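Here's the structure, in structure tokens; my notes come after.
The values are calculated or read from the model by the stated rules, or taken from the named source; none is laboratory data. Here the structure is a predicted model, which is why all the values come from computation and not from measurement. A quick note on method: Cβ atoms are made from the backbone with ideal geometry, for glycine too, and the neighbour counts reach across all protein chains shown. The area values use the complete protein model at the heavy-atom level, side chains included, leaving out ligands, DNA and RNA. Shrake-Rupley method; radii C 1.70, N 1.55, O 1.52, S 1.80 Å.
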Amino acid sequence: MVDQLPIEQLRRTIDPDSLGITGTADIQPREGIVGQDRALHALRFGLGIREPGFNIYVSGMPGTGRTAAVKAYLEEIAKGGEAPPDWCYVNNFKDQYRPRAIKLPPGKGKVFQSDVKRLIETIRREVPRVFDSEPYATQREQLGTELNRQREAIVNATNTRAQQQGFAIQATPVGLALVPLKNGRPYTDEEMAALSPRDREALSRKQQALEEEIHTSMRQLRAIEKTAMERLENFDREVALASVGALVTDLAEDYQDNPAILEYFQDLQNDIVENIGQFRAEGTPTPEGPFQAQVPWLRELAFRKYEVNVIVDNTGRTGAPVVMEFNPAYTYLFGRIEREAQFGALVTDLTLIRPGSLHQANGGYLVCDIEDVLRNPFSWDGLKRALRDGNITIEEPGEKLGFVVTKSLMPEPIPLSAKVLVIGNPMLYQMLFGMDEEFKHLFKVKADFDTQMDLTPENARAYVASLCAVCHKEHLPNFDIGAVVKLLEQSSRLAEDQKKLSTRFSEITDIMREASYWAGQDNKSVVEAPHVQRAIEERLYRSNLIEERIREMMARDIIKIDTAGSVVGQVNGLAVVGMGDFAFGRPSRITAALGVGREGVVDIEREVKMGGPIHTKGVLILGGFLTNRFAQDKPLTVNARLVFEQSYEGIEGDSASSTELYALLSRLSGVPIKQSFAVTGSVNQWGEVQAIGGVNEKIEGYFSVCKVKGLTGDQGVVVPASNAEHLMLKEEVLEAASKGLFHIYAVKTIDEGIEVLTGVPAGERGADGKYPVGTINYLVDQKLRSLGQSLREFVRETSEEPFVLTRKREEEDEAAQSAGE
């Protein structure tokens with residue numbers, strides 16, 4: 001007979017003296033990663049290797065402190081790194097729609113921006129002064145005087161030639177006209193009419209010849225004016241170059257080691273010289289109309305192309321940047337090009353280019369959540385392209401789909417040298433690895449965060465040190481040794497293992513915050529064990545409404561659960577109900593019905609499609625157990641039905657397979673099962689009871705039902721022996737067990753379990769192949785023989801052919817139904 005588990009095995013208790021402290025006040029706070037040696041090893045490798053593609057996927061379940069731990073670790077690593085360079089965008093004077101990117105040492109971007117700004121301000125101030133100076137005016141006047149002299153010479157020569165031919169040149173709205181003269185005055189209409197045809201023809205010939213000479217003179221005059229204008233423009237250009245060139249050259253001396261800036265200065269100088277007119281107008285007061293008065297910035301728009309847009313400024317940075325992007329939308333990751341309204345239209349320029357988090361993290365580390373990246377359109381594809389190409393490209397998301405047809409800027413891509421860490425759960429990692437071909441080449445390092453860590457003295461002290469860091473960071477009161485022990489034991493309970501601690505730090509820190517609140521309500525300056533216990537109980541009370549309602553229905557026999565007496569073919573099974581933030585154990589009545597036939601063990605849940613595949617597998621294993629144990633000397637002829645009574649929802653999992661087998665063995669043997677017990681555990685075909693999950697919740701769930709129905713001292717739970725190390729039961733269960741009011745049995749085999757449930761030995765097969773008389777196995781074997789004999793007698797009493805035809809028809813119906821499914 002299996003003995004019940006002793007009290008000390010029902011819950012791991014931690015000796016306060018083993019910690020060597022009196023509370024969190026005695027230990028140094030510890031920042032960083034605790035109990036994640038595997039993840040830390042992977043992070044060190046992934047952050048150390050610089051080859052492309054070795055970005056990191058941080059895998060782990062939510063609540064394990066992945067994000068906070070990675071951030072703290074990266075910030076520590078980044079302190080020893082170098083500050084990355086600044087990046088600026090400047091105008092591309094050869095193609096204004098493609099701004100150029102310029103790289104500068106950290107902190108020099110703002111300096112360069114200020115230098116260019118002062119340069120333009122100086123040029124705008126100096127150019128009008130130079131062009132308004134006396135030397136410039138004198139020399140320009142000389143050029144104008146020479147032009148006028150040449151113009152007058154041509155005009156005078158033309159007038160003299162016309163007068164010699166008897167004509168005068170007059171200006172008209174349509175150009176110059178030749179007027180014939182008589183005695184120094186123009187002909188009158190009567191005098192022209194009185195001329196003979198011969199004289200009129202001679203006058204016309206003279207006029208035509210003279211017009212050709214005038215046209216030649218006008219061409220000469222235009223050529224002279226063109227040459228003069230070119231000389232004036234060249235003169236203005238030389239003056240502008242002399243004044244601007246000196247200023248640009250002086251500034252270029254500070255950037256001799258940056259060829260990109262020197263090239264930019266040359267293009268800047270050429271553009272200013274070519275557009276010197278807008279700088280000259282700065283010193284010329286012009287009356288502003290009403291429109292200009294309302295838009296004072298209008299005149300400044302022409303000079304915005306000379307501004308420098310610093311998109312990455314690392315002034316004052318002492319290490320590599322660590323950027324946590326919590327909203328990885330496409331524009332937040334890669335930057336955007338803003339627009340502003342001008343006269344009803346949206347326009348943009350290089351000053352409206354805005355950086356993304358990849359720009360800010362360039363030269364350092366970018367951390368984001370993979371689910372958020374996948375949820376935002378274009379973000380995942382854009383991130384993969386940036387990592388693959390090694391460039392950060394700012395472009396409109398709509399351009400990828402052809403939605404944007406307006407002309408926009410296409411800034412020069414910036415080289416990417418950041419290490420990207422994405423945080424997600426293991427399932428997403430498997431999906432991406434199997435379905436995204438590029439993922440395995442871009443994220444070659446996996447840092448796997450475990451949900452638990454070994455409970456050793458060293459780890460326990462490190463765990464407490466990390467909890468102490470939470471107290472310091474959030475200004476919580478210190479926890480005394482009793483409260484610390486309570487937290488550690490609760491951590492083991494969350495891990496569902498007496499030898500482990502849970503790394504779901506978010507739940508433990510939430511308990512710390514709530515315990516601090518209850519300590520404050522008691523006017524305590526130090527958190528004590530009762531405050532931690534109350535925090536745990538209050539969290540339970542806020543979430544267990546459904547559990548209480550189900551327990552109330554069981555107490556009122558609305559949901560039928562027996563906790564006393566004995567019944568054949570009936571046993572209390574245990575399941576875990578998950579409510580999101582809360583899970584609880586719920587007992588369910590499982591019954592077995594038996595009859596003559598060859599259908600085998602039939603799962604009613606499966607027949608009505610309420611059972612999941614794992615549950616169905618567990619039931620089918622029962623047939624394998626019966627075949628292995630009782631069908632070695634005879635065919636297995638049995639028709640059994642198994643069902644969860646009063647179940648109105650789907651059932652999944654194999655943790656009730658041993659329970660169903662106990663009900664079936666009870667029905668076959670005719671030996672009643674004690675209803676004071678509840679059972680959990682899966683089983684294999686050899687009759688070995690296997691571990692299940694949620695063992696603490698299942699035991700406590702049945703205990704709470706027994707408590708409301710009345711503890712008699714006979715109630716208890718049968719669990720797999722392999723789950724004994726997972727027990728971290730509540731103190732009220734321990735108290736009842738210590739008083740002999742509740743019992744926990746751990747069994748390794750079905751034979752051990754059936755003995756506990758029935759009080760009858762299971763029996764072992766002897767050398768003759770038979771079981772001892774009166775044992776469970778003997779009774780089952782005899783019942784199976786009896787069922788087989790009954791079936792044979794029934795076949796003899798009826799014609800064999802109808803039975804065969806009927807069975808064949810049933811098999812055909814079952815095959816058709818399976819094909820339909």
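So how strong a dipole does segment 646-756 carry about its Cα centre when Lys and Arg Cβ are +1 and Asp and Glu Cβ are -1, to the nearest 20 debye?
On the way: 8 positive and 15 negative charges, 74 e Å.
My answer is approximately 360 debye.
Please give me the summed charge of the neighbours of D497: other residues whose Cβ is under 10 Å from its Cβ, Lys and Arg +1, Asp and Glu -1.
+1
Taking all protein chains in place and a 1.4 Å probe, what share, in percent, of the accessible surface of the chain do carbon and sulfur account for? Don't skip to the answer; put the middle values down first.
Working: 21010 of 41550 Å².
Here carbon and sulfur together make up 51 percent of the probe-accessible area.
Taking the Cβ of A447 as the center, what net charge do the other residues with Cβ under 15 Å away carry, scoring Lys and Arg +1 and Asp and Glu -1?
On the way: positive: R38, R44, R66, K71, K419, K444, K446; negative: D37, D369, D448, D450.
Net charge in that neighbourhood comes out at +3.
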Could you work out how far helix 695-709 tilts from the main Cα principal axis of the chain, as a 0 to 90 degree angle to the nearest 10?
-> 60 degrees
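Taking a probe of 1.4 Å, how large is the accessible area per residue of the chain, in Å²?
Details: 41550 Å² over 821 residues.
Accessible area per residue: 51 Å².
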Identified option (computed percent of Cα pairs over 35 Å apart; candidates [x] 70; [y] 54; [z] 60) | [x]
Residue-ordered couplings for segment 452-468, obtained by feeding phi - 60° into the Karplus form 6.51 cos²θ - 1.76 cosθ + 1.60 and rounding to whole Hz (Gly and Pro as x), are 8, 9, 5, 8, 10, x, 5, 5, 5, 5, 5, 4, 5, 5, 5, 5, 4
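Defining a contact as two alpha carbons under 8 Å apart and six or more residues distant in sequence, what relative contact order in percent does the chain show? Provide the component values of the computation, followed by the final result.
On the way: 1322 pairs, mean separation 133.5, N = 821.
Relative contact order here is 16 percent.
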Computed ³J(HN,Hα) along segment 347-356: with the Karplus parameters 6.51/-1.76/1.60, θ = phi - 60°, integer Hz and x for glycine or proline, the list is 10, 8, 7, 5, 6, 9, 7, 10, x, x
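Counting pairs of alpha carbon atoms under 8 Å apart in space and at least six apart in sequence, what relative contact order in percent does segment 488-614 give? Provide the component values of the computation, followed by the final result.
Numbers: 90 pairs, mean separation 15.2, N = 127.
Computed over segment 488-614, the figure is 12 percent.
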Packing-ranked peptide list from 353-360, 157-164, highest mean Cβ count within 10 angstrom first, is 353-360, 157-164
Whole-Hz Karplus couplings 3J(HN,Hα) for segment 267-280, θ = phi - 60° and coefficients 6.51, -1.76, 1.60, Gly and Pro as x, run 5, 4, 4, 4, 5, 5, 5, 5, 10, 5, x, 6, 7, 5
Residues whose modelled amide H sits under 5 Å from the amide H of I423, counting only those 5 or more places away in sequence or on another chain, are V58, C368, D369, I370
What's the center-to-center distance, using Cα atoms, between segment 595-659 and segment 1-47 in Å?
-> 42 Å
Straight distance only, please: which lysines reach the Cα of K783 with their own Cα at less than 22 Å, same-chain residues fewer than 8 apart left out?
-> K634, K674, K770
At q = 0.12 Å⁻¹, the log10 of I(q)/I(0) for segment 98-179 from a Debye sum over equal Cα scatterers comes to -0.67
About the Cα centre of segment 316-371, how large is the charge dipole given +1 on each Lys and Arg Cβ and -1 on each Asp and Glu Cβ? Please answer in debye to the nearest 20.
-> 180 debye
Amide H neighbours of T680 under 5 Å, counting only residues 5+ apart in sequence or on other chains, H built in-plane at 1.01 Å?
-> V718
Return one number: the angle in degrees, 0 to 90 and rounded to the nearest 10, between the long axis of the Cα atoms of helix 108-131 and the longest principal axis of the Cα atoms of the chain.
-> 20 degrees
Packing rank of 98-106, 598-606, 434-442, where each peptide gets the mean count of other beta carbons within 10 Å, highest leading | 98-106, 598-606, 434-442
Amide H to amide H, which residues 5 or more places from G600 or on other chains are under 5 Å from it, using H placed in the peptide plane?
-> V638, N639, A640
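Hey, what did segment 696-773 get for relative contact order, percent, Cα under 8 Å, at least 6 apart?
Details: 71 pairs, mean separation 21.6, N = 78.
Across segment 696-773, relative contact order equals 28 percent.
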Magnitude of the charge dipole, the chain, Cβ model with Lys/Arg +1 and Asp/Glu -1, debye to 20 | 740 debye
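What is the sum of charges around G788, taking Lys and Arg as +1, Asp and Glu as -1, for the other residues whose C-beta is under 12 Å from the C-beta of G788? Provide the component values of the computation, followed by the final result.
Numbers: positive: R598, K634, K783, R785, R792; negative: D633, D781, E793.
Here the count lands on +2.
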Have a look at the DSSP beta bridges in the chain and tell me what percent are antiparallel, nearest 5.
-> 60 percent
Positive-end residue of L221, P259, P197, charge dipole of segment 176-261 with Cβ unit charges = P197
Got a sec? Charge dipole of the chain, +1 on Cβ for Lys and Arg, -1 for Asp and Glu; which of A583, L178, M427 is way out at the positive end?
-> L178
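For R589, R231, give me the order by solvent-accessible area with a 1.4 Å probe, most accessible first, ignoring ligands, DNA and RNA. Spell out each step's value before the answer.
Numbers: R589 40, R231 120 Å².
Descending order: R231, R589.
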Of the options L358, A341, Q452, report the single residue whose Cα projects farthest towards the positive end of the charge dipole of segment 318-453 (beta-carbon charges: Lys, Arg +1; Asp, Glu -1).
-> L358
Check the straight Cα-Cα distances from K305 and name the lysines below 21 Å, setting aside those fewer than 8 residues away within the same chain.
-> K94, K103, K108, K110, K117, K407
Quick one: angle between helix 529-543 and the longest Cα principal axis of the chain, in degrees between 0 and 90, rounded to 10, please.
-> 80 degrees
